[in-house]
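Undergrad: Before I ask anything, here is the structure I am working with.
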Amino acid sequence: MAQTITRPSGSREPVTGTALSPRKKRSFLADLYSTAVGKKYVMAISGIALMGFVLFHMIGNLKMYFGAYELNHYAEFLKELLYPLAPKGAVLWILRGGLLAMLVLHLHAAWSLTVMNRHARPVKYQSPRDYEVANFASRTMRYSGMIVLSFLIWHLLDLTFGVVNTVGADGTFVREEVYQNVVRSLGRWPIAAFYILANLLLGIHLRHGAWSIFQSLGWNNPRFNAWRWAFATGFAAVVVVGNVSFPIAVLLGIVKV
């Protein structure tokens, strides 16, 4: 005979489902960025923006070969972008802010991808075969990137803020004297050597980065690999040759105050 089981008063019915607290819905972009694919997209897009800056920065600095007036005038021109429609220097600071945002996104995406890869494979590869596909540039991207970042910080302290730059004739750093500041800085052997080394590493970083951009964006086709390699190598070579020529020209006395 079946017995009826009575429950104590105040007891709860068994839980038949899992109670979940309402989860705040993230935006599409935030949700995409949480994935490896999204981070690769961010790295590619921010990398394109930074590559454009590096190229145009090098081209603008070529005015150094035309003398102090041309380079100083070019620096003043940048401050007057869209003036008087916008306050003097406003557009330049907006561009600087955008570049800083691109740099932060690029660094964070790179760091996040590294963490995700380590979690996906906590045990390192055990065989030398693991490096057969990866070349020197791909294995050293994070190290070359950190050295280039260190150089960028030094570059700003040297030529933008004048903290580590030699001073002018009156004993003060004059930011508007761009040509004179560059020549005084690159005329020091340790600084010139650091400048050359950083730009060689920048070239390695750029070549591999420019090659990887197409793959990160899904534009990877064996038929175009030769063009990708030519573009990546050519772009990196142009930037490196242009930038490295500046300290060499100063040291050889081709460019002087």
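Each reported figure results from applying straightforward, stated rules to the coordinates on display, with no laboratory input. Remember, predicted model here, so these are calculated numbers, not experimental data. Positions of Cβ are backbone-derived with ideal geometry, glycine not excepted, and every protein chain shown enters the neighbour counts.
Undergrad: Give me the extension gain from Val238 to Trp93: residue separation times 0.36 nm, minus the current Cα-Cα distance, reported in nm with one decimal. It would help to have the intermediate numbers written out before the result.
TA: On the way: separation 145, 0.36 × 145 = 52.20 nm, distance 2.68 nm.
That works out to 49.5 nm of additional length.
Undergrad: Using 0.36 nm per residue of separation minus the Cα-Cα distance, give me the extension gain between Lys256 and Val104 in nm, one decimal.
TA: Numbers: separation 152, 0.36 × 152 = 54.72 nm, distance 3.57 nm.
My answer for the length gained is 51.2 nm.
Undergrad: Radius of gyration and Dmax for segment 173-257's Cα atoms, expressed in Å?
TA: Radius of gyration, then largest Cα-Cα span, for segment 173-257: 17.1, 53 Å.
Undergrad: Students often check this: by mean Cβ neighbours within 10 Å, which of 80-92, 143-155 ranks highest, and how do the rest follow?
TA: Working: 80-92: 12.9, 143-155: 15.4.
Going from most to least packed, we get 143-155, 80-92.
Undergrad: Please give the FRET efficiency for Leu78 paired with Asn225, using the beta carbon to beta carbon distance and R0 = 25 Å, rounded to the nearest 0.05. Don't jump to the answer; show the numbers that get you there.
TA: Numbers: r = 38 Å, r/R0 = 1.50.
Efficiency for this residue pair is about 0.10.
Undergrad: Using mean Cβ contacts within 10 Å as the protection proxy, how do 46-52, 113-119, 181-187 order, highest first?
TA: On the way: 46-52: 17.1, 113-119: 11.0, 181-187: 21.1.
Packing order, densest peptide first, comes out as 181-187, 46-52, 113-119.
Undergrad: Turning to a different aspect of this structure: Quick check: from the Cα gyration tensor, does segment 28-100 come out rounded (a/c under 1.5), prolate or oblate? The partial results should precede the final answer.
TA: Values: a/c = 5.61, a/b = 1.93, b/c = 2.90.
It comes out oblate by the Cα gyration axes.
Undergrad: Using alpha carbons only, how many angstrom separate the centre of segment 188-257 from the centre of segment 41-96?
TA: Centre-to-centre (Cα) distance: 18 Å.
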